Amino acid sequence: MRPKRVPSLKEVATDNRRINNMRLVKDNVVKIKNDEPSIKRLKGMGYIEEKVEEPKAPAATQASFNLDALSYYELKDLAKERGLEAGNIKKDELKALLEEAEAQ
């Protein structure tokens, strides 16, 4: 009987292509693998790919923070980023200006 041929490092590197983690289930056993050869081997043993829904990213909103929690200088920088003129005004007036611009 001939011994198994040992693959070269180049063959191993190209054969083990990485993919996202995949959950494979058989009875009450769950295995998480991320390379194609292991996944193929486990599927051959009767493991089934478990469908997992990716969590959806929340819609990006401009006002995802509380204006009351920001300092005067943070509010002033935020107004500058949004292109608003905020000269020498008080913090309450600055919050009102940002809320008004957000409503539009």
If Met45, Met22 are placed from fewest to most neighbouring beta carbons inside 10 Å, the sequence is Met45, Met22
Show which lysines lie in cross-link reach of Lys90 when reach means a straight Cα distance below 20 angstrom and same-chain residues fewer than eight apart are skipped.
Lys76, Lys80
So if each residue of separation counts as 0.36 nm, and I subtract the Cα-Cα distance between Asn28 and Leu67, what length gain in nm does that give?
9.1 nm
Length gain on complete extension for the stretch Lys90 to Glu36, per 0.36 nm per residue less the alpha carbon to alpha carbon distance?
13.3 nm
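Rule-based calculations on the coordinates, nothing more; no lab input. Everything quoted here is computed from the prediction, not taken from an experiment. So basically every Cβ, Gly included, is an ideal-geometry build from the backbone, and we count neighbours across all protein chains shown.
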